[in-house]
Every structure is written in structure tokens, then in C-alpha cells.
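The structure appears below as C-alpha cells.
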Amino acid sequence: MEYNTLKLEVTNNIVVLTTNRPQAMNALSSELFKDINDALTEIESMEGIYALIVTGEGKAFVAGADISEMSDMNSIRGSQYSKFGQDTFNRLSNFKLPVIAAVNGFALGGGCEFALACDIRIASTYARFGQPEVNLGLIPGFCGTQRLPRLIGLSNALYLLMTADMIDASEALRIGLVQKVVAPEELMSEAMALATKIASKGPIAVRKVKEVTMKGMLTDYYSACELESEEFGNLFDNQESHEGMNAFLEKRKPDW
């Protein structure tokens with residue numbers, strides 16, 4: 001499919017989704033949200049794809065929501081817009097494949113929330129993160145108030161949410177917002193290397209790791225442990241686990 005606001009590229013068994021509104025610093029619009037949903041549907045239909053990388057064109061990952069679209073909204077339209085964004089990012093967060101954010105530049109407001117919806121975040125030294133919504137008399141609307149404290153802790157999250165401070169990649173690494181910081185010219189190769197490494201593992205097991213971990217975060221500890229035990233056992237009925245264990249015993253690479 002052709003998209004107006006993003007690009008999709010496939011390299012071997014990895015898809016790269018690039019936000020592509022550089023003239024607007026890749027600002028999130030209703031059209032971009034729709035394109036993201038359509039792209040996820042397209043990726044779901046692809047065979048032999050094991051990881052998704054999300055990045056941005058130009059100087060920004062996503063510099064925020066499109067204020068020009070939001071400026072004349074009333075409460076009803078604002079809530080609908082928020083729900084559309086939440087549904088999109090929740091779909092990304094629950095996507096069956098591992099999702100890596102390669103944050104190349106500004107990830108502010110909705111852009112930070114976009115990165116938060118990914119499983120792993122690698123940042124360029126040029127990357128900048130922040131939730132500046134209170135500067136506009138608003139709060140984050142795309143799950144930022146919920147994902148941020150779950151990732152970096154309550155006080156760190158409230159600090160960013162209430163001060164609207166923008167932080168650099170090294171500070172994002174210190175507080176656990178990103179997992180790795182690399183030079184700009186190494187960002188995509190590092191993201192691709194990570195995606196390739198994950199793609200070399202048992203694909204069903206990788207998907208189950210994501211599913212069980214995400215579900216476990218939303219329930220109590222003992223219920224989550226029961227879910228883990230159940231899914232651990234279910235994998236023994238799948239040929240993939242037997243291939244993995246046999247390969248280990250035979251000292252060879254598994255043939256997934």
C-alpha cells in the first residue's frame with residue numbers, strides 16, 4: 001500500500017515503519033494515526049516477518065501532536081481524538097511482533113507516547129524526549145500519563161509531566177526511558193542488529209514473551225505467574241520448542 005504520512009520498507013524478515021511528514025516534524029495527525037493502523041494491518045498480513053522498527057524521517061521521530069488540527073476542538077472532539085490515538089498506540093503496544101523504536105530526533109508529547117508504546121527504545125544522541133502538554137494547558141492524551149510511570153517510576157514521570165522539561169538521550173537512558181544510546185549514524189544499523197538478533201530466536205516464544213509480560217503487568221503477581229505457567233506448558237505442544245531443545249542438545253543452530 002501507498003501511504004501519505006509514512007513509509008514501509010522490508011529488509012529480510014524485518015519491517016521498518018518511518019513517519020514521513022518532515023515538513024511538519026512528523027507531527028501526529030488523524031491521517032497519520034489512520035496510516036499507522038493501516039500499516040499494522042498490512043504488516044499482519046505479511047509472512048515471515050519477525051520484528052518491526054519504528055523511526056522518523058528528518059530531524060524528528062515525532063515532534064508532537066498536530067496543534068493546528070487540535071486548536072479548534074471542543075471536549076467531544078478532543079476526547080474522540082484522544083481515544084483514536086490511544087487505540088492506535090495500544091494496538092502497537094499489543095502488536096504480535098516485537099517493536100523497536102529507533103528514536104532519531106525529537107520525541108515530544110505524542111511522539112514520546114509513540115515511543116513509549118514500543119517494546120524497546122534505542123536513541124540517537126540527537127534524540128530529545130518530553131511531555132510538554134501542560135505548556136498548552138493540556139495533559140497527554142495518548143496514554144502518556146499511564147505508560148510513563150509504569151516505565152520510569154511515578155516520581156520521574158510526574159517530574160516530566162508537570163515541568164514539561166525536555167531531556168536528552170543520556171538522561172533518558174539514566175532513568176530507563178531508553179535502553180541504549182548510539183551515534184546518529186549508527187542508529188538504524190543498531191536497531192536492525194537488535195531486530196535481527198530477536199528475529200533469530202524462536203518466533204512463537206518471542207511473541208509469547210511479549211504477550212505474557214504485557215498481560216502480567218496488568219494483573220496481580222500470582223495471577224500473572226499462573227498465566228506464565230500455563231503458557232510455558234502450552235509451548236511444549238508446539239514443534240518450535242522441541243526443535244530448540246534438540247538443537248541445543250545436538251550443539252547446532254535451530255531451524256525455526
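The values are calculated or read from the model by the stated rules, or taken from the named source; none is laboratory data. Please read these numbers as outputs of a predicted model, since none were measured by experiment. Cβ placement follows ideal geometry from the backbone for every residue including glycine, while neighbour counts extend to all protein chains displayed.
Couple of notes before you dig in:
- Enumeration of residues in segment 140-183 that are touching a Leu at 6+ places or on another chain (Cβ under 8 Å), closer than 23 Å to Gly85 by Cα and not hydrophobic (A, V, I, L, M, F, W, C): Pro140, Gly144, Thr145, Arg147, Pro149
- Sole exception among (1) in contact with a Cys (Cβ under 8 Å, 6 or more places away or on another chain); (2) farther than 20 Å from Ser189 by Cα; (3) buried (at least 18 other Cβ atoms within 10 Å of the Cβ) for Asn90, by number: (3)
- Residue match in segment 93-110 (condition: among the charged types (D, E, K, R) and either within 10 Å of the chain's Cα centre (by Cα) or closer than 17 Å to Met192 by Cβ (or both)): no
Condition check ((1) hydrophobic (A, V, I, L, M, F, W, C); (2) part of a helix (DSSP H, G or I); (3) in contact (Cβ under 8 Å) with a residue 40 or more places away in the chain) across all residues:
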position: Ala172; (1), (2), (3): yes, yes, yes
position: Met188; (1), (2), (3): yes, yes, yes
position: Arg207; (1), (2), (3): no, yes, yes
position: Thr213; (1), (2), (3): no, yes, no
position: Asn234; (1), (2), (3): no, yes, no
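- Against the list (1) more than 18 Å from Arg128 (Cβ to Cβ); (2) of a type in the set (A, V, I, L, M, F, W, C); (3) at pLDDT 95 or above; (4) under 20 Å from the mean Cα position of the chain (by Cα), the condition Leu158 fails is (4).
- Flag if Val16 is crowded, with 20+ Cβ neighbours inside 10 Å, assigned to a strand (DSSP E or B) and at negative phi: yes
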